[in-house]
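Have a look at the structure below before the remarks.
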Amino acid sequence: MSTDDGITGASELPRVLVTRQIPKPGLTALHGGAEYTVLAGRWPPSREQLLYAVEPGFWGILSTLTEPIDAEVMDACPGLRVVSNMAVGYDNIDVEAATKRRILVTNTPGVLTETTADFAWTLLMAAARCLPAASRYLREGQWRTWEPEALLGQDIAGATIGIIGMGRIGAAMAQRARGFGMKVLYYDPVPRLEVAREVGAYYRDLPDLLRDADFVSVHVPLTPQTRGLFGAEQFALMKPTAVFVNTSRGPVVDQRALSDALRDKVIFAAGLDVFETEPLPLDDPLLTLDNVVLTPHIASASVATRNRMATLAADNLLTVARGQRPQHLVNPAAWGKDLF
Ligand code: GLV
């Protein structure tokens, strides 16, 4: 029996813990292939709730990026074989601990690429054209007349964009930039020659890119190498007219340094969907600034994309349940036919 109210019954199917309510197509995809238990409620489980819920009988966990899945969680589930994250990022999972235990970790790349790039572009345009300040100006009754010199932003068409991370989403950003007649530079710690050639992007090392770019958009995963990649030193290299966009992970950026750079007009504006701490605390200095567009980690949040992510997360689990290697395996070292 499969339920979405926390009740489960006996069956031969592999038991899966779904840590949050996810879009229905994801649960529908699990029907018949797994016996699943969904932790009820709109909010993510607390650490205590999660540890209470995981039981030795679970074979799989379908998680979202809000749940840290670490060694303690894994050890509470000795039969655990797969953690399927409904996200492209998987920094919430201790992949090393999983690999040591031969637990497969999967993610959902590809299905959110265009939606995420669309949203990064939305932030880029909104920040460049002073949307928060313009909206406040109108709502607060400051709009008396058309003004030749009020709310002046930065041009996008024909400008230079620097893309940090030329993976799928970075490449989708480059394609959008080409449509705006922009020059596209990129920096990536991993060589991306082929995809860069395809999208017409030129490699620069990070300092050179930051000096040359009018827009900088970040699309790297959070890893020990990318944590803190942007700090005061990097913002100081950027143009005072530059716009910074982050839809990747908050800790890639030293947020205090970014607030200071925005406050002191070291850079012109920013568009941020991700933060060091989520939700963004309401006393964060970023909230006092008009030259930053702030959104609550929604870059992949379209109806169709979230449905696709949920379905793919379910499919990743079911592929393993059939004894096959999942397409989006994050830790190939854990894979082996002897798992079954
Ligand atoms: C969202 O941030 C994701 O990693 O899918």
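Pairing residues of region 66-81 that are without any contact (Cβ under 8 Å) to a residue 12 or more places away in the chain and farther than 11 Å from VAL54 by Cβ with residues that are among the aromatic types (Phe, Trp, Tyr) and open to solvent by 30 Å² or more (accessible area, probe 1.4 Å), at Cβ distances under 6 Å and at least 6 apart in sequence or on separate chains, gives no pairs at all. Scanning region 71-104 for residues that are under 22 Å from ALA299 (Cβ atoms) and in contact with a strand residue (DSSP E or B) (Cβ under 8 Å, 6 or more places away or on another chain) yields a total of 6. What is the number of the single condition among (1) within 16 Å of the ligand (Cβ to nearest atom); (2) of a type outside the set (A, V, I, L, M, F, W, C); (3) in a loop (DSSP other than H, G, I, E, B) that GLY57 does not meet? Failed condition: (1). Scanning region 38-56 for residues that are surrounded by fewer than 21 Cβ atoms within 10 Å (Cβ to Cβ), in contact with a Gly (Cβ under 8 Å, 6 or more places away or on another chain) and either at pLDDT 95 or above or under 21 Å from GLY26 (Cα atoms) (or both) turns up LEU39, ALA40. The residue pairs whose first member lies in region 289-300 and is closer than 17 Å to SER259 by Cβ and assigned to a loop (DSSP other than H, G, I, E, B), whose second member is within 11 Å of the ligand (Cβ to nearest atom) and at pLDDT 95 or above, and whose beta carbons are closer than 6 Å, counting only pairs six or more residues apart or on different chains, are THR295/ASP273. Total residues in region 60-79 satisfying the condition of being surrounded by fewer than 24 Cβ atoms within 10 Å (Cβ to Cβ), away from the ligand (no atom under 16 Å from the Cβ) and not acidic (Asp, Glu): the figure is 6. Screening PHE244 with (1) closer than 27 Å to ASP155 by Cβ; (2) away from the ligand (no atom under 16 Å from the Cβ); (3) open to solvent by 10 Å² or more (accessible area, probe 1.4 Å) gives one miss only, at (3).
Here ILE169 passes the criteria (1) open to solvent by 10 Å² or more (accessible area, probe 1.4 Å); (2) within 27 Å of HIS297 (Cα to Cα); (3) of a type outside the set (D, E, K, R); (4) free of Cβ contacts under 8 Å to residues at least 60 places away in the same chain except the one numbered (4).
In region 62-79, what count of residues is obtained for those that are under 21 Å from GLY26 (Cβ atoms) and in a loop (DSSP other than H, G, I, E, B)? So the count comes out to 6. Residue count for region 87-113 satisfying the condition of being within 11 Å of the ligand (Cβ to nearest atom), open to solvent by 20 Å² or more (accessible area, probe 1.4 Å) and either outside any loop (DSSP other than H, G, I, E, B) or touching a helix residue (DSSP H, G or I) at 6+ places or on another chain (Cβ under 6 Å) (or both): 1.
The values are calculated or read from the model by the stated rules, or taken from the named source; none is laboratory data. All figures in this text were calculated on a predicted structure; none of them were measured in a lab. Backbone-built Cβ (ideal geometry, glycine too); neighbour counts: all protein chains shown. What goes into the accessible areas is simple: the full protein's heavy atoms, side chains included, and nothing from ligands, DNA or RNA. Shrake-Rupley method; radii C 1.70, N 1.55, O 1.52, S 1.80 Å.
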